[in-house]
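> What follows is a single structure, and I will ask about it in a moment.
The values are calculated or read from the model by the stated rules, or taken from the named source; none is laboratory data. Keep in mind the model is a prediction, meaning the values are calculated, not measured. Glycine also receives a Cβ, built like all others from the backbone with ideal geometry; neighbour counts cover every protein chain displayed. These area figures cover heavy atoms from the full protein model, side chains too; ligands, DNA and RNA do not enter into them. Shrake-Rupley method; radii C 1.70, N 1.55, O 1.52, S 1.80 Å.
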Amino acid sequence: MNSSTRLEGKIALVTGASRGLGRHIAAALAAAGADVAVNYANNVQDAEETVRLITTAGGSAIAFRADITNEAEVADLNGRVEQHFGRSIDILVNNATGPQPMLSIEESSWQTYMDQLEFFVKAPLLLAKAVLPSMKLKGEGSIIHIGSEVVQIGNANFSSYVTAKSAMVGMTRSWASELGPHGIRVNLIAPGWIPVERHEGVSTEGYSAGVPLGRVGEPADIANAVVFLASSESAFITGQCLSVNGGNTFGI
Ligand SMILES: NC(=O)c1ccc[n+]([C@@H]2O[C@H](COP(=O)([O-])OP(=O)(O)OC[C@H]3O[C@@H](n4cnc5c(N)ncnc54)[C@H](OP(=O)(O)O)[C@@H]3O)[C@@H](O)[C@H]2O)c1
């Protein structure tokens, strides 16, 4: 299959695609032929830059502002994407994240846990409820959660994030069981450390030394895995957690 046409005719929504991994995921989906909705919350210029990168490369994309933790904004986002492309969403990538504070248990509160659950449980649920009616009508769809290797590592002083990312794993499996009969696949990608803009200036040496493949990840490592899980090449894969971390951990 030609790599630039394998997602032709598909509409993809990538949450948090104004920078970081989301930008690269959006670009890779567009390079594979999808029409891409680039979601962002605050930084319109960055989102427009993602769109510019994609369209300059010959792809199709448009930016949509929406706070994906807000029910009304998610419903509106789904409607606007459908209206713009004249088709409903086929591929949903739950990627967006808010701040990820490192806090001890004593420093944490129920609210700090809720803040993470808002992004990694509530937002995917709201988005799924928005896209599922059309996916069920079409009898197909691919939902991809961006998790994290922290679920296996259990990093200290990071329990709110680790807990919320762990919840995504259970959600992936339960949704896969429920949605499989409708032709809708649900998978999770668990990245290792993939330095993006927010990690600028942070040394990767110590982390890389412990990774069997001897390096940190690149955004393209994650983006390529997303394209695979979005495409028919993974048609018989659902409910799975794919670690993309150079062998830093083994399976979830
Ligand atoms: N990078 C890594 O090393 C790594 C490792 C493991 C897992 N991950 C996971 O990969 C995903 C992406 O991480 P990243 O490092 O690329 O993050 P990032 O660079 O901080 O980007 C976060 C994105 O989320 C958007 N966003 C924030 N609040 C939002 C909201 N309420 N509604 C919609 N969008 C919102 C931001 O948009 P605005 O710019 O408009 O605010 C931005 O586009 C996350 O789920 C993260 O947990 C990352």
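> Of the numbered conditions (1) within 19 Å of ALA30 (Cα to Cα); (2) away from the ligand (no atom under 13 Å from the Cβ); (3) open to solvent by 40 Å² or more (accessible area, probe 1.4 Å), ARG65 satisfies every one except a single condition; which is it?
Every condition holds for ARG65 apart from (2).
> Output the number of the condition that GLN83 fails; it satisfies all remaining conditions of (1) within 21 Å of LEU29 (Cα to Cα); (2) buried (at least 16 other Cβ atoms within 10 Å of the Cβ).
(2)
> Still on this model: Only one of GLY139, GLY154 is under 22 Å from VAL227 (Cβ atoms) and open to solvent by 10 Å² or more (accessible area, probe 1.4 Å); which? Break it down stepwise before answering.
Values: GLY154 fails: under 22 Å from VAL227 (Cβ atoms).
Exactly one of GLY139, GLY154 is under 22 Å from VAL227 (Cβ atoms) and open to solvent by 10 Å² or more (accessible area, probe 1.4 Å), namely GLY139.
> Filter the range 166-181 for residues that are of a type in the set (S, T, N, Q), open to solvent by less than 40 Å² (accessible area, probe 1.4 Å) and in contact with a helix residue (DSSP H, G or I) (Cβ under 7 Å, 6 or more places away or on another chain) and give the result. So that I can check it myself, show each step before the final result.
Of the residues in the range 166-181, the ones of a type in the set (S, T, N, Q) are 166, 172, 174, 177.
Among the residues that remain, those that are also open to solvent by less than 40 Å² (accessible area, probe 1.4 Å) are: 172.
If the condition is that a residue be of a type in the set (S, T, N, Q), open to solvent by less than 40 Å² (accessible area, probe 1.4 Å) and in contact with a helix residue (DSSP H, G or I) (Cβ under 7 Å, 6 or more places away or on another chain), then no residue fits.
> When you scan the range 108-211 for helices (runs of 4 or more DSSP H) that lie fully inside it, which ones turn up with 3 or more residues that are under 15 Å from the mean Cα position of the chain (by Cα) and under 30 Å from ILE11 (Cα atoms)?
Working: elements: 110-117, 123-138, 150-153, 159-179, 205-209.
In the range 108-211, the matching helices (runs of 4 or more DSSP H) lie at 123-138, 159-179.
> Now, a different point. For the range 13-24: of the residues being more than 6 Å from the ligand (Cβ to nearest atom) and assigned to a helix (DSSP H, G or I), which is surrounded by the most Cβ atoms within 10 Å (Cβ to Cβ)?
ARG23
> Still on this model: State yes or no: is ALA27 open to solvent by 20 Å² or more (accessible area, probe 1.4 Å) and over 16 Å from the mean Cα position of the chain (by Cα)?
It is false that ALA27 is open to solvent by 20 Å² or more (accessible area, probe 1.4 Å) and over 16 Å from the mean Cα position of the chain (by Cα).
> Then there is this: Please pick out the residue among GLY141, GLY147, GLY180 that is of a type in the set (Gly, Ala, Ser) and within 15 Å of the ligand (Cβ to nearest atom).
Sole residue among the options that is of a type in the set (Gly, Ala, Ser) and within 15 Å of the ligand (Cβ to nearest atom): GLY147.
> Report yes if some residue within the range 40-57 is among the hydroxyl-bearing types (Ser, Thr, Tyr), away from the ligand (no atom under 16 Å from the Cβ) and either out of contact with any strand residue (DSSP E or B) (no Cβ under 9 Å at 6 or more places or on another chain) or more than 18 Å from ALA12 (Cβ to Cβ) (or both); otherwise report no.
Within the range 40-57, one or more residues are among the hydroxyl-bearing types (Ser, Thr, Tyr), away from the ligand (no atom under 16 Å from the Cβ) and either out of contact with any strand residue (DSSP E or B) (no Cβ under 9 Å at 6 or more places or on another chain) or more than 18 Å from ALA12 (Cβ to Cβ) (or both).
> Name the residue, out of THR56, THR97, that is hydroxyl-bearing (Ser, Thr, Tyr), open to solvent by 70 Å² or more (accessible area, probe 1.4 Å) and under 22 Å from HIS24 (Cα atoms). Before you say what the answer is, go through the steps one by one.
Details: THR97 fails: open to solvent by 70 Å² or more (accessible area, probe 1.4 Å).
When all the criteria are applied, what remains is THR56.
> Does ILE144 fit the bill of being touching a Leu at 6+ places or on another chain (Cβ under 7 Å) and either open to solvent by 40 Å² or more (accessible area, probe 1.4 Å) or not aromatic (Phe, Trp, Tyr) (or both)?
On the way: touching a Leu at 6+ places or on another chain (Cβ under 7 Å): yes; either open to solvent by 40 Å² or more (accessible area, probe 1.4 Å) or not aromatic (Phe, Trp, Tyr) (or both): yes.
Criteria met by ILE144.
> Continuing with this model, one more query. Which residue pairs have Cβ atoms under 7 Å apart, sit 6 or more places apart or on different chains, and have a first residue in the range 47-70 that is in contact (Cβ under 8 Å) with a residue 24 or more places away in the chain and a second that is part of a loop (DSSP other than H, G, I, E, B) and surrounded by fewer than 19 Cβ atoms within 10 Å (Cβ to Cβ)?
ARG65/ALA41; ASP67/ALA41
> Looking at (1) touching a strand residue (DSSP E or B) at 6+ places or on another chain (Cβ under 7 Å); (2) away from the ligand (no atom under 14 Å from the Cβ); (3) in a loop (DSSP other than H, G, I, E, B), find the lone condition where LEU29 falls short.
(3)
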